[in-house]
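Presented below is the structure to which this report refers.
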Amino acid sequence: MLGKSLFLVLPLFGISISELCRPDAPEAFKVRFNIKKALGDKAYPWNADEEFLFKAMMVFAMRTHVDNAIQISNVLICNVTPRVSFWFLVTSPSNISEPLQSAKVKNAIRLERNRINNAFLLDDNTLEFLSIPPTLAPEVMSSSKSWLIVFGVVVGLLGVVAILFVISGIKRMKSRKKARAEDNEVCEEGMKSTEGDENGDHIESLQFCEGVDNEAFENTTPL
(Lines give C-alpha, C1' and ligand atoms only; values in the text may rest on other atoms or scores of the structure.)
Protein backbone atom coordinates (compact mmCIF):
# COMPACT_ATOMS: atom_id res chain seq x y z
CA MET A 1 0.00 0.00 0.00
CA LEU A 2 2.83 2.36 0.90
CA GLY A 3 4.61 1.58 -2.35
CA LYS A 4 1.52 2.41 -4.35
CA SER A 5 1.14 5.68 -2.46
CA LEU A 6 4.72 6.67 -3.20
CA PHE A 7 4.28 5.65 -6.83
CA LEU A 8 1.34 8.07 -7.07
CA VAL A 9 2.92 10.90 -5.05
CA LEU A 10 6.34 11.06 -6.76
CA PRO A 11 4.99 12.00 -10.22
CA LEU A 12 2.86 14.70 -8.64
CA PHE A 13 5.93 15.97 -6.73
CA GLY A 14 7.92 16.08 -9.95
CA ILE A 15 5.16 18.00 -11.71
CA SER A 16 4.97 20.57 -8.89
CA ILE A 17 8.76 21.09 -8.98
CA SER A 18 8.79 21.55 -12.75
CA GLU A 19 6.01 24.09 -12.41
CA LEU A 20 8.11 26.04 -9.93
CA CYS A 21 11.31 26.11 -12.01
CA ARG A 22 10.45 27.22 -15.50
CA PRO A 23 11.43 30.15 -17.74
CA ASP A 24 9.92 33.45 -16.61
CA ALA A 25 8.54 31.95 -13.40
CA PRO A 26 7.84 34.74 -10.86
CA GLU A 27 10.68 33.78 -8.47
CA ALA A 28 13.09 32.18 -10.97
CA PHE A 29 16.30 33.71 -12.34
CA LYS A 30 18.21 33.10 -15.57
CA VAL A 31 21.97 32.59 -15.52
CA ARG A 32 24.40 32.61 -18.43
CA PHE A 33 27.99 31.33 -18.33
CA ASN A 34 30.53 32.50 -20.95
CA ILE A 35 33.26 30.05 -19.99
CA LYS A 36 34.87 29.85 -23.42
CA LYS A 37 35.01 33.62 -23.74
CA ALA A 38 36.62 34.01 -20.33
CA LEU A 39 39.12 31.14 -20.34
CA GLY A 40 39.67 30.33 -24.03
CA ASP A 41 41.61 27.08 -24.41
CA LYS A 42 41.52 26.55 -20.65
CA ALA A 43 37.71 26.51 -20.57
CA TYR A 44 36.24 23.68 -18.49
CA PRO A 45 33.19 21.68 -19.61
CA TRP A 46 29.86 22.25 -17.95
CA ASN A 47 28.77 19.02 -16.30
CA ALA A 48 26.97 17.64 -13.27
CA ASP A 49 29.87 18.59 -10.99
CA GLU A 50 29.79 22.24 -12.11
CA GLU A 51 26.03 22.24 -11.67
CA PHE A 52 26.46 20.91 -8.13
CA LEU A 53 29.04 23.63 -7.44
CA PHE A 54 26.59 26.28 -8.60
CA LYS A 55 23.92 24.90 -6.27
CA ALA A 56 26.42 24.83 -3.43
CA MET A 57 27.35 28.49 -4.00
CA MET A 58 23.68 29.42 -4.02
CA VAL A 59 23.20 27.54 -0.76
CA PHE A 60 26.22 29.36 0.71
CA ALA A 61 24.78 32.77 -0.23
CA MET A 62 21.27 31.90 1.01
CA ARG A 63 22.48 30.39 4.28
CA THR A 64 24.68 33.44 4.92
CA HIS A 65 22.04 36.10 4.22
CA VAL A 66 18.59 34.45 4.27
CA ASP A 67 18.16 31.20 6.22
CA ASN A 68 20.88 28.83 7.46
CA ALA A 69 18.51 25.89 7.11
CA ILE A 70 18.59 25.98 3.28
CA GLN A 71 20.02 22.83 1.66
CA ILE A 72 21.14 21.72 -1.81
CA SER A 73 17.67 20.25 -2.37
CA ASN A 74 16.20 23.76 -2.09
CA VAL A 75 18.04 24.95 -5.23
CA LEU A 76 16.25 23.90 -8.41
CA ILE A 77 17.79 24.15 -11.90
CA CYS A 78 15.91 23.77 -15.17
CA ASN A 79 16.14 24.46 -18.91
CA VAL A 80 19.89 23.96 -19.16
CA THR A 81 21.23 24.73 -22.67
CA PRO A 82 24.48 23.54 -24.29
CA ARG A 83 25.77 27.12 -24.36
CA VAL A 84 25.48 27.00 -20.57
CA SER A 85 22.47 29.02 -19.66
CA PHE A 86 19.70 27.89 -17.35
CA TRP A 87 17.04 29.00 -14.91
CA PHE A 88 17.23 28.42 -11.17
CA LEU A 89 14.96 28.89 -8.21
CA VAL A 90 15.42 28.66 -4.45
CA THR A 91 12.65 27.19 -2.31
CA SER A 92 11.84 27.60 1.36
CA PRO A 93 13.57 25.13 3.70
CA SER A 94 10.28 24.55 5.49
CA ASN A 95 8.30 23.92 2.30
CA ILE A 96 10.11 22.85 -0.87
CA SER A 97 7.09 23.73 -3.00
CA GLU A 98 7.19 27.37 -1.83
CA PRO A 99 9.76 29.63 -3.58
CA LEU A 100 11.75 32.15 -1.60
CA GLN A 101 10.98 35.79 -2.30
CA SER A 102 13.00 37.01 -5.28
CA ALA A 103 14.12 40.13 -3.39
CA LYS A 104 15.85 37.98 -0.74
CA VAL A 105 17.55 35.85 -3.38
CA LYS A 106 18.72 38.93 -5.31
CA ASN A 107 20.15 40.56 -2.20
CA ALA A 108 22.04 37.43 -1.15
CA ILE A 109 23.56 36.96 -4.61
CA ARG A 110 24.57 40.62 -4.91
CA LEU A 111 26.32 40.48 -1.52
CA GLU A 112 28.26 37.32 -2.44
CA ARG A 113 28.82 38.04 -6.13
CA ASN A 114 32.61 38.06 -5.90
CA ARG A 115 32.68 34.70 -4.09
CA ILE A 116 30.39 33.18 -6.72
CA ASN A 117 32.46 34.58 -9.61
CA ASN A 118 35.72 33.32 -8.11
CA ALA A 119 34.33 29.82 -7.68
CA PHE A 120 33.93 29.57 -11.46
CA LEU A 121 37.00 31.67 -12.44
CA LEU A 122 34.68 34.22 -14.08
CA ASP A 123 33.61 37.83 -13.58
CA ASP A 124 30.44 39.92 -13.83
CA ASN A 125 30.68 39.99 -17.63
CA THR A 126 31.14 36.25 -18.11
CA LEU A 127 28.86 34.98 -15.35
CA GLU A 128 25.62 36.87 -15.85
CA PHE A 129 22.60 36.82 -13.59
CA LEU A 130 20.37 38.45 -16.17
CA SER A 131 17.92 40.09 -13.75
CA ILE A 132 20.41 40.72 -10.93
CA PRO A 133 22.80 43.58 -11.72
CA PRO A 134 26.10 43.31 -9.85
CA THR A 135 26.95 45.51 -6.93
CA LEU A 136 30.02 47.46 -8.01
CA ALA A 137 32.74 47.40 -5.41
CA PRO A 138 34.44 50.72 -4.65
CA GLU A 139 37.63 51.20 -6.62
CA VAL A 140 40.72 50.49 -4.57
CA MET A 141 43.12 53.41 -4.82
CA SER A 142 46.70 52.29 -5.28
CA SER A 143 49.51 53.71 -3.18
CA SER A 144 51.10 55.28 -6.27
CA LYS A 145 47.94 57.27 -6.95
CA SER A 146 47.90 58.41 -3.32
CA TRP A 147 51.45 59.70 -3.62
CA LEU A 148 50.60 61.49 -6.84
CA ILE A 149 47.71 63.24 -5.12
CA VAL A 150 49.88 64.27 -2.18
CA PHE A 151 52.59 65.48 -4.56
CA GLY A 152 50.04 67.49 -6.54
CA VAL A 153 48.70 69.13 -3.38
CA VAL A 154 52.20 70.06 -2.19
CA VAL A 155 53.17 71.48 -5.60
CA GLY A 156 49.93 73.45 -5.71
CA LEU A 157 50.58 74.97 -2.27
CA LEU A 158 54.13 75.91 -3.24
CA GLY A 159 52.81 77.52 -6.40
CA VAL A 160 50.31 79.59 -4.42
CA VAL A 161 53.03 80.68 -1.97
CA ALA A 162 55.31 81.68 -4.87
CA ILE A 163 52.55 83.73 -6.50
CA LEU A 164 51.78 85.49 -3.21
CA PHE A 165 55.49 86.23 -2.73
CA VAL A 166 55.78 87.75 -6.22
CA ILE A 167 52.64 89.86 -5.70
CA SER A 168 53.96 91.06 -2.33
CA GLY A 169 57.30 92.02 -3.91
CA ILE A 170 55.57 93.94 -6.69
CA LYS A 171 53.41 95.84 -4.18
CA ARG A 172 56.50 96.63 -2.06
CA MET A 173 58.36 97.93 -5.11
CA LYS A 174 55.41 100.10 -6.13
CA SER A 175 55.14 101.55 -2.63
CA ARG A 176 58.86 102.39 -2.65
CA LYS A 177 58.60 104.08 -6.04
CA LYS A 178 55.61 106.05 -4.83
CA ALA A 179 57.44 107.13 -1.67
CA ARG A 180 60.50 108.14 -3.71
CA ALA A 181 58.33 110.17 -6.10
CA GLU A 182 56.70 111.93 -3.17
CA ASP A 183 60.11 112.70 -1.65
CA ASN A 184 61.33 114.08 -4.98
CA GLU A 185 58.32 116.32 -5.19
CA VAL A 186 59.00 117.57 -1.67
CA CYS A 187 62.63 118.25 -2.61
CA GLU A 188 61.67 120.15 -5.71
CA GLU A 189 59.20 122.26 -3.82
CA GLY A 190 61.74 122.81 -1.04
CA MET A 191 64.42 123.89 -3.51
CA LYS A 192 62.07 126.29 -5.22
CA SER A 193 61.02 127.80 -1.93
CA THR A 194 64.65 128.27 -0.82
CA GLU A 195 65.95 129.91 -3.97
CA GLY A 196 65.25 133.29 -2.56
CA ASP A 197 66.36 132.40 0.98
CA GLU A 198 69.78 132.49 2.50
CA ASN A 199 72.58 130.37 1.17
CA GLY A 200 72.64 128.08 4.25
CA ASP A 201 69.06 127.04 3.89
CA HIS A 202 69.58 126.27 0.22
CA ILE A 203 72.56 124.05 0.99
CA GLU A 204 70.59 122.12 3.65
CA SER A 205 67.82 121.47 1.12
CA LEU A 206 70.33 120.22 -1.42
CA GLN A 207 71.90 117.90 1.16
CA PHE A 208 68.47 116.54 2.11
CA CYS A 209 67.55 115.83 -1.51
CA GLU A 210 70.90 114.19 -2.17
CA GLY A 211 70.30 111.95 0.82
CA VAL A 212 66.85 110.96 -0.53
CA ASP A 213 68.34 110.12 -3.94
CA ASN A 214 71.09 108.04 -2.39
CA GLU A 215 68.61 106.17 -0.19
CA ALA A 216 66.39 105.44 -3.17
CA PHE A 217 69.41 104.22 -5.14
CA GLU A 218 70.42 101.91 -2.29
CA ASN A 219 66.87 100.50 -2.01
CA THR A 220 66.78 99.70 -5.72
CA THR A 221 70.31 98.24 -5.92
CA PRO A 222 70.03 94.49 -6.58
CA LEU A 223 71.49 92.07 -4.03
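The values are calculated or read from the model by the stated rules, or taken from the named source; none is laboratory data. Every value quoted in this text rests on a predicted model; they were computed, and no experiment measured them. Every residue, glycine among them, receives a Cβ derived from its backbone with ideal geometry; neighbour counts consider all protein chains shown. These area figures cover heavy atoms from the full protein model, side chains too; ligands, DNA and RNA do not enter into them. Shrake-Rupley method; radii C 1.70, N 1.55, O 1.52, S 1.80 Å.
Phi-derived couplings, Karplus 6.51 cos²θ - 1.76 cosθ + 1.60 at θ = phi - 60°, listed residue by residue for the range 154-169: 4, 4, x, 5, 4, x, 5, 4, 5, 5, 5, 5, 5, 4, 4, x Hz, with x used for Gly and Pro. Around the amide H of Leu100, modelled in the peptide plane, lie the amide H atoms of Val90, Thr91, Ser92, all under 5 Å away and 5 or more residues distant in sequence or on another chain. Using all pairs of distinct alpha-carbon atoms, the Kirkwood hydrodynamic radius of the range 27-150 works out to 15.7 angstrom. Note on Asp49 and Ala181: their simple-model spin labels are 9.3 nm apart, each label 7 Å out from Cα toward Cβ. Note on Val154 and Leu121: their simple-model spin labels are 4.5 nm apart, each label 7 Å out from Cα toward Cβ. Here the Karplus relation 6.51 cos²θ - 1.76 cosθ + 1.60, evaluated at θ = phi - 60°, turns the backbone of the range 71-82 into coupling constants of 10, 4, 5, 8, 9, 10, 10, 8, 6, 6, 10, x Hz, with x for every Gly and Pro. Ranked by solvent-accessible area (1.4 Å probe, protein heavy atoms only, all chains present), the residues Lys30, Lys37 order from largest to smallest as Lys37, Lys30.
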